[in-house]
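Before any comments, here is the structure.
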Amino acid sequence: MHESTIRAGSAKLAGVGCISAAVLLVELGLTRLFSVITWSHFAFLAVSLALFGLSASAVFVHLTARRHPPDRLDRQLWRYSLVFALSTTIVAVLFLRTHLGSALTSRNLAVLASVYALAAAPFFAAGACLALVVTRLHRDINRVYGADLAGAAAGCLLLIPMLEVFGGAGPLVGAATLGACAAACFADMRARRVVAIASASAATAILVVNVRLQYLDVRYTKAGEHPWIFTKWNSHSRVAVYPETHHDWGLSTTYRGTHPFSYFMDIDASASTEILVAREAADVAFLRDEVTAFAYRLMPPRGQSLVIGPGGGRDVWSALLFGARRVVGVEINSIIVNDVMRGRFGEPSGHLYERPDVDIVVDDGRNFVARSREQYDLIQASLVDTWAATTAGAFSLTENNLYTVEAFVDYLRHLRPGGVLALSRWTREAIRVLSLARAAADRLGWPIADRFFAVERPAVETGEASISTFIFRTAPFSANENRRLRDAARDLGFRIVYAPGVDGRPPDGDPLYVALATAADAAAIYRSHDSDISPVVDDRPFFFQGVKPERMSTSLRDAAITDATDGISLLVRLLAVALGLVTIFIVLPLALNDRGGRRELPLGSLGYFASLGVGFMMIEIGLMQRFVLFLGHPVYALTVVLFTLLIGGALGSRMGQRLCADPQRLLVRALPLIALLAVSYAYVLPHIFTMALGLARPLRIALAVVLLLPLGAALGMPLAAGITMLGRRRPQHLAWGWAINGAASVLGSVLAMLVALLVGFRVVVLTGAACYLVALALAMSIPTTPADRKP
């Protein structure tokens, strides 16, 4: 039977959905595992490289067309689905037992290379399966592509329960189960169906048994091999507790008292906090001499405190120790609150999170403050950040919405008259905290010079980082308050970074801080500084990124030739490697296979598919960042945005052919609509979010779905229409179009981050819209009549 006469039955469509869901589970599951095993930027790098397996396999299918005859499609799909299931299971077992250090030694690089190759295997098998379906069933592409997107949407929903119920191995072993189910759907013989069902049953049994025995779990983390006494996964972290006392980076060197025993707790084997073993505030008296608690010397008696990111409760204890009447803590990680502090370690911690004067909320701190109607005497955030990779694939240069000008305005507006905002940061990045505070105060019409005080606990040991605490008031410091803070800093051995003038003297402290706090033109100071210390905003929230935009090109060039391991350097190398892989696995095979003019290459069609791949990733990543603040967590943004765009795309793919039988006419309508919606969202969404932020989360999620569904439906039409057009004229190049689209998607994700670093996420979305207009121009140049058949 000729391939063009083949139609996709319901079993094949179900198989496509299963394999697509499985691919998404592997991608996001590997991100979580890499974040624990090694540093989070390697997670982004590894998964991006592994995704090239999807594109390389499409090239493989094209080059081995004789070994993939259309009349054996069912057998081929069955075989590749089983290979996917088996390789995914092997990846899960070996990954969890891999010791991959974070240092760039020759040994670690060799292990990392082998890990990359191993991670690519499931993607290659699944990619071959999807490439075969798309190329062999291109006459039914609207239903096939709709099943592909619907399956990916289902995989997005499955990720959270897979991690929270089955742990780190859950997404991968669950994907193996789905791969085997896909094989059962594709099987054309009873014996093959029995093999597939048996494989799915075995993978399911592994999942169920592992819940109790925990034999599949991470053995080596980037922190080394430490015996933990508690560990649990959720969709955005792995929390572990160790029987070790946490290091006190901020404790005064003058302190000579005792320190209670504490448990060491970390998130993804990096960001850490401690659980103090205490019954009452008197047991943690040492916290009076902590630099992170320095601001509490200004809190009024029986004041009310808000702690953002309380973790194991140190800052909550500090507030109680200084006499707070009520402490509200906003912790984003539900495991820390419910399983650790209210569960396993509730008794050792003195049931801190269950006290009547302590109210702990599981939420994003920025989102909670923006929606809150309460006011506080003191708002505190101490070293609130993490190097953990989210399931969206974020890495070390990703945004942090806690540290933007808009966030600081929210904090200051939620303080009572005379209230205090206290933030503790590592001193090396501290100057930007002042620039944020100054910009926020300018928006509120306040001077900053007489409302700001900062102290530093200097490093003592070699290699130890120093910590600074910044205090911002809604009213100027009185002379008595100024003297009291100065005396306390001297008694505790803290260095004064900045103090307002007192008794007729000008402000004193670090010259840069004094200049920035008192200068009439802060912009001149930002321009003269070597690094970027200017305030960051929600549209470009890269607090930890210190390269000036005008020097970015030089930084990118230097990153490519040095051995730095910061996020930008790795991003540049990822782009270089991605371009190299596209050249080796896509461009060169295409050129060599068509040398001598045997076939006319459909360059316009290939450019069209590349534009769709880059444009989709630009719009998805740009919108996802916008929805993080609105929905309250990166995981919610990932799940809602990605699911809605995918399920909308599935609906759009199915509707496209019904709306217009001529694919080129359909593109004339769909592509401008996508560009128009993307541009509208880039400018209108912030205003909608401001008005709707006070809604309950279920209503905000519902609103997000309503907003995104039309865009998702439009995004689902162009790829199916392009495949239909290419299939009519050059069906032998369908695999190339599919491969180019996948490769361009990976490049698009990297380019999106570079554009965001340079000019912000709004421009990322606008760039995505421009890509769809480029695709429109290319689509108009593609001939729609079948090419002449040559013998």
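The values are calculated or read from the model by the stated rules, or taken from the named source; none is laboratory data. Being a predicted model, the structure only gives us computed values, none of them experimental. Cβ atoms come from the backbone with ideal geometry, glycine included; neighbour counts cover every protein chain shown. Keep in mind that these areas ignore ligands, DNA and RNA; they rest on the heavy atoms of the full protein, side chains included. Shrake-Rupley method; radii C 1.70, N 1.55, O 1.52, S 1.80 Å.
Report yes if some residue within the stretch 541-561 is within 19 Å of the chain's Cα centre (by Cα), open to solvent by 30 Å² or more (accessible area, probe 1.4 Å) and modelled with pLDDT of 75 or more; otherwise report no. Yes, the stretch 541-561 has at least one match. Can you find a residue that is at pLDDT 95 or above, under 15 Å from LEU512 (Cβ atoms), open to solvent by less than 10 Å² (accessible area, probe 1.4 Å) and not aromatic (Phe, Trp, Tyr) anywhere in the stretch 480-498? The answer is yes; a qualifying residue exists. Scanning the stretch 247-259 for residues that are in a loop (DSSP other than H, G, I, E, B), closer than 24 Å to ALA381 by Cβ, open to solvent by 20 Å² or more (accessible area, probe 1.4 Å) and not hydroxyl-bearing (Ser, Thr, Tyr) returns HIS247, ASP248, TRP249, HIS259. Is it true that some residue in the stretch 516-531 is of a type in the set (A, V, I, L, M), touching a strand residue (DSSP E or B) at 6+ places or on another chain (Cβ under 8 Å) and either open to solvent by less than 60 Å² (accessible area, probe 1.4 Å) or touching a residue at least 24 places away in the same chain (Cβ under 8 Å) (or both)? Within the stretch 516-531, one or more residues are of a type in the set (A, V, I, L, M), touching a strand residue (DSSP E or B) at 6+ places or on another chain (Cβ under 8 Å) and either open to solvent by less than 60 Å² (accessible area, probe 1.4 Å) or touching a residue at least 24 places away in the same chain (Cβ under 8 Å) (or both).
Look at the stretch 488-501: where a residue is without any contact (Cβ under 8 Å) to a residue 24 or more places away in the chain and a partner is open to solvent by 10 Å² or more (accessible area, probe 1.4 Å), sitting 6+ places away or on another chain with Cβ atoms under 9 Å, you get ARG490/ILE496. Among the candidates SER81, SER114, the residue that is part of a helix (DSSP H, G or I), modelled with pLDDT of 90 or more, polar (S, T, N, Q) and more than 20 Å from PHE609 (Cα to Cα) is uniquely SER81.
Taking every residue in the stretch 207-220 that is touching a residue at least 40 places away in the same chain (Cβ under 8 Å) and pairing it with any residue that is in a helix (DSSP H, G or I), at least 6 positions away or on another chain, the pairs with Cβ-Cβ distances below 6 Å are LEU207/PHE166; LEU207/VAL173; LEU216/ASN210; VAL218/VAL36. Here GLU280 qualifies as touching a residue at least 24 places away in the same chain (Cβ under 8 Å), among the charged types (D, E, K, R) and open to solvent by 10 Å² or more (accessible area, probe 1.4 Å). Considered as a group, the residues in the stretch 399-441 that are part of a helix (DSSP H, G or I) and either touching a His at 6+ places or on another chain (Cβ under 7 Å) or among the basic types (Lys, Arg) (or both) include one that is surrounded by the most Cβ atoms within 10 Å (Cβ to Cβ), and that residue is ARG438. Quick one: in the stretch 596-614, of everything that is hydrophobic (A, V, I, L, M, F, W, C) and surrounded by 22 or more Cβ atoms within 10 Å (Cβ to Cβ), which residue is modelled with the lowest pLDDT? Checking each candidate, the answer is LEU606.
Matching residues to (1) closer than 30 Å to VAL36 by Cβ; (2) open to solvent by 20 Å² or more (accessible area, probe 1.4 Å); (3) among the aliphatic types (A, V, I, L, M):
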{"site": "GLY179", "(1), (2), (3)": "yes, no, no"}
{"site": "ALA182", "(1), (2), (3)": "yes, no, yes"}
{"site": "ARG192", "(1), (2), (3)": "no, yes, no"}
{"site": "ALA196", "(1), (2), (3)": "no, no, yes"}
{"site": "SER201", "(1), (2), (3)": "yes, yes, no"}
{"site": "ALA205", "(1), (2), (3)": "yes, yes, yes"}
{"site": "VAL208", "(1), (2), (3)": "yes, yes, yes"}
{"site": "LEU216", "(1), (2), (3)": "yes, no, yes"}
{"site": "TYR220", "(1), (2), (3)": "yes, yes, no"}
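Of everything in the stretch 117-140 that is at pLDDT 90 or above and in contact with a Gly (Cβ under 6 Å, 6 or more places away or on another chain), the residue that is surrounded by the fewest Cβ atoms within 10 Å (Cβ to Cβ) is PHE124.
Within the stretch 648-662, the set of residues being over 17 Å from LEU677 (Cα atoms) and either of a type in the set (Asp, Glu) or surrounded by 21 or more Cβ atoms within 10 Å (Cβ to Cβ) (or both) comprises ALA650, SER653, GLY656, ASP662. The residues of the stretch 295-309 that are at pLDDT 95 or above and not in a helix (DSSP H, G or I), listed by number, are GLN304, SER305, LEU306, VAL307, ILE308.
Within the stretch 157-176, the residues that satisfy the criterion of being part of a helix (DSSP H, G or I) and crowded, with 24+ Cβ neighbours inside 10 Å are LEU159, MET162, LEU163, GLY170, PRO171, LEU172, VAL173, GLY174, ALA175, ALA176.
The residue list ARG438, ARG451 contains one member that is among the charged types (D, E, K, R), more than 30 Å from VAL684 (Cβ to Cβ) and at pLDDT 95 or above, which is ARG451. Each residue in the stretch 295-310 was checked for being touching a residue at least 40 places away in the same chain (Cβ under 8 Å) and under 19 Å from ILE360 (Cα atoms), and 8 pass. Listed by first and then second residue, the pairs with beta-carbon distance under 6 Å, at least 6 apart or on different chains, first residue in the stretch 646-663 and without any contact (Cβ under 8 Å) to a residue 24 or more places away in the chain and more than 12 Å from TYR145 (Cβ to Cβ), second charged (D, E, K, R) and not in a helix (DSSP H, G or I), form an empty list.
Results for (1) within 21 Å of ILE360 (Cα to Cα); (2) small (Gly, Ala, Ser); (3) part of a helix (DSSP H, G or I); (4) open to solvent by 10 Å² or more (accessible area, probe 1.4 Å), shown as yes or no for each residue.
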position	(1), (2), (3), (4)
PRO227	no, no, no, yes
LYS232	yes, no, no, yes
THR245	no, no, no, yes
PHE264	yes, no, no, yes
PHE286	no, no, yes, no
ALA293	yes, yes, yes, no
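For ALA182, the test of being modelled with pLDDT of 95 or more and assigned to a helix (DSSP H, G or I) is passed.
Conditions (1) crowded, with 24+ Cβ neighbours inside 10 Å; (2) at pLDDT 75 or above; (3) farther than 27 Å from VAL750 by Cα, marked per residue:
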{"residue": "ALA21", "(1), (2), (3)": "yes, yes, no"}
{"residue": "LEU25", "(1), (2), (3)": "yes, yes, no"}
{"residue": "GLY29", "(1), (2), (3)": "yes, yes, no"}
{"residue": "ALA43", "(1), (2), (3)": "yes, no, no"}
{"residue": "THR64", "(1), (2), (3)": "no, yes, yes"}
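Exactly one residue out of LEU216, LEU149 is farther than 28 Å from GLY312 by Cβ, more than 20 Å from the chain's Cα centre (by Cα) and not aromatic (Phe, Trp, Tyr), and it is LEU149. Against the test of being out of contact with any Pro (no Cβ under 6 Å at 6 or more places or on another chain), farther than 25 Å from ALA147 by Cβ, aliphatic (A, V, I, L, M) and at pLDDT 95 or above, the options ALA678, ALA637 yield a single qualifying residue, ALA678. Let me spell it out: the conditions are (1) within 25 Å of ARG457 (Cβ to Cβ); (2) at pLDDT 90 or above; (3) not hydroxyl-bearing (Ser, Thr, Tyr), and ALA205 meets all of them except one. Which number is the exception? The single condition ALA205 does not satisfy is (1). Checking each residue in the stretch 336-371 for being open to solvent by 20 Å² or more (accessible area, probe 1.4 Å), touching a residue at least 40 places away in the same chain (Cβ under 8 Å) and part of a loop (DSSP other than H, G, I, E, B) picks out PRO348, ASP364.
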